[in-house]
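Inspection log for the structure reproduced underneath, given as structure tokens.
The values are calculated or read from the model by the stated rules, or taken from the named source; none is laboratory data. Here the structure is a predicted model, which means the values were calculated and not measured. All Cβ positions, even for glycine, are placed from backbone atoms using ideal geometry, and neighbour counts span all protein chains on display. To get the accessible areas, we keep the full protein, side chains included, count just its heavy atoms, and leave off ligands, DNA and RNA. Shrake-Rupley method; radii C 1.70, N 1.55, O 1.52, S 1.80 Å.
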Amino acid sequence: MPASPTLLGIPLPLLDDRYGPGNADEAEDTLIGIVQAEMGTQATCSFDVDTRHPNPWFHQLLLEPRVAGKAASPEQLQAMSAQLVAIGLG
């Protein structure tokens, strides 16, 4: 999934620090909770991993939140980013 203004990127090293190396899937409930708190309980989220950079420090888990096929607005993405920062994942 290429970088896009409709994606939220979370650095994999932050996920590794919080959930253990290679356990990014353990963050799923937390991440879906953030998306649904902002977009409603019908919101869904696609996940992908961006490992294109040769330095693993820059690898990211990419989230694409949507509801009824519609991508999150810039304001919703900003609010979700702020929540990620508040819990140490941004």
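All of (1) touching a residue at least 12 places away in the same chain (Cβ under 8 Å); (2) out of contact with any helix residue (DSSP H, G or I) (no Cβ under 8 Å at 6 or more places or on another chain); (3) more than 18 Å from Lys70 (Cα to Cα) hold for Ser46 with one exception: (3). A count restricted to the range 46-77 and to residues that are of a type outside the set (Ser, Thr, Tyr), over 17 Å from Leu12 (Cα atoms) and surrounded by 12 or more Cβ atoms within 10 Å (Cβ to Cβ) stands at 7.
Could you please find all residues in the range 1-11 being open to solvent by 30 Å² or more (accessible area, probe 1.4 Å) and either more than 11 Å from Glu64 (Cα to Cα) or modelled with pLDDT under 85 (or both)? Selection gives Met1, Pro2, Ala3, Ser4, Pro5, Thr6, Pro11.
Okay, residues lined up against (1) touching a strand residue (DSSP E or B) at 6+ places or on another chain (Cβ under 8 Å); (2) at pLDDT 95 or above:
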site	(1), (2)
Gly20	no, no
Ala24	yes, no
Ala27	yes, no
Gly40	yes, yes
Thr44	yes, no
His53	no, no
Pro56	no, no
Leu63	yes, no
Ala82	no, yes
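State yes or no: is Pro21 surrounded by fewer than 17 Cβ atoms within 10 Å (Cβ to Cβ), out of contact with any Phe, Trp or Tyr (no Cβ under 6 Å at 6 or more places or on another chain) and in contact (Cβ under 8 Å) with a residue 60 or more places away in the chain? Spelling it out, it is not the case that Pro21 is surrounded by fewer than 17 Cβ atoms within 10 Å (Cβ to Cβ), out of contact with any Phe, Trp or Tyr (no Cβ under 6 Å at 6 or more places or on another chain) and in contact (Cβ under 8 Å) with a residue 60 or more places away in the chain.
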